[in-house]
Amino acid sequence: MRRLLQGLLALAAAAPVSAQARIPEVRTSAKSPCKVHPESAAETAELWLSARVALESSTATDSNPPLLLIQKWRRTLGRSLNLIYERRDTSRVATRQPFGVETPANIERAGYIQRTFRSVVFYGPDPDEILTERFLRQHCFRRVEGSGSTQGLTGLAFDPLPRQRNPDVSGILWIEPVGGELRYVDYGWTNPPSWANGGNARGRTDFARLATGGWVIQRWYIRLPKPGDEFGGYVDEGGELLAVGPPVPRKK
């Protein structure tokens, strides 16, 4: 899920990182920078347990992984989101993690937006990244109620610690309160470059439960304004699960 645009821009989703998951620390003290009311701790922890089921399942390694038909796209959009250029590639893969890429080891030190020699790379919070001790330690969590397009959903919002000065991510895990199922994660970046500021740089990851059990990423995308002094439209990259086939036994 990474690409370069005119040697200037790269998009990526955070990659799988093995780590032991834990419930985010939601209680506060006089020394804690997290602004979470102690009375909301139980509700916040309950939301996290619901979300963690889908996050962990979507990153699981199966002995008989499902056969997935997926499509990835790369698009250039105009100012009004009109399509200027599009490329789509369809493939079949036997995995529960068809869209993962590698997260750099320096993500905590350098941040979620990193500049290389001729490009800028944006990293988003993929399921494995959210589950890491690093992510849980560097973000505050709070409960929010949905409204408008999220009416009826309950959100577990995450924000970087107030002391964070590097580019980071802030977003909401939207959960169906009746069944306790994670629907999607919507996020943006904090401390972005000036050309990506103003709330226009966004990403989203949707989840779906398989009929055979377990969870997968159903759809994801990252959309960023084109780099430059004046706003000239967007670049967009993403992927989507089109169909699910029978499990494929791994070769021994």
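The values are calculated or read from the model by the stated rules, or taken from the named source; none is laboratory data. Everything numeric in this text was worked out from a predicted model, so none of it was measured. Cβ: placed from backbone, ideal geometry, glycine included. Neighbour counts: every protein chain shown.
Tabulated results
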{"read-out": "Any hit, segment 212-222, residues being in contact with a His (Cβ under 6 Å, 6 or more places away or on another chain) and either in a strand (DSSP E or B) or over 30 Å from residue 248 (Cβ atoms) (or both)", "value": "no"}
{"read-out": "Enumeration of residues in segment 188-208 that are assigned to a strand (DSSP E or B) and surrounded by 21 or more Cβ atoms within 10 Å (Cβ to Cβ)", "value": "189, 203, 205, 207"}
{"read-out": "Selection within segment 96-111 - of a type outside the set (S, T, N, Q) and over 21 Å from residue 217 (Cα atoms)", "value": "104, 105, 107, 108, 109, 110, 111"}
{"read-out": "Checklist (1) surrounded by fewer than 20 Cβ atoms within 10 Å (Cβ to Cβ); (2) out of contact with any Gly (no Cβ under 7 Å at 6 or more places or on another chain) applied to residue 182, failing item", "value": "(1)"}
{"read-out": "Residues being over 16 Å from residue 160 (Cβ atoms) and crowded, with 22+ Cβ neighbours inside 10 Å - total across segment 104-142", "value": "4"}
{"read-out": "Residue that is farthest from the chain's Cα centre (by Cα) [pool: residues in segment 153-178 that are closer than 24 Å to residue 109 by Cα and hydrophobic (A, V, I, L, M, F, W, C)]", "value": "161"}
{"read-out": "Looking only at segment 69-103, and only at residues there that are β-branched (Val, Ile, Thr), farther than 17 Å from residue 224 by Cα and surrounded by 15 or more Cβ atoms within 10 Å (Cβ to Cβ), the one that is modelled with the lowest pLDDT", "value": "103"}
{"read-out": "Restricting segment 86-105 to residues that are without any contact (Cβ under 8 Å) to a residue 24 or more places away in the chain and more than 26 Å from residue 76 (Cα to Cα), the residue that is farthest from the chain's Cα centre (by Cα)", "value": "105"}
{"read-out": "Odd one out for residue 112, checked against (1) under 14 Å from the mean Cα position of the chain (by Cα); (2) at pLDDT below 85", "value": "(2)"}
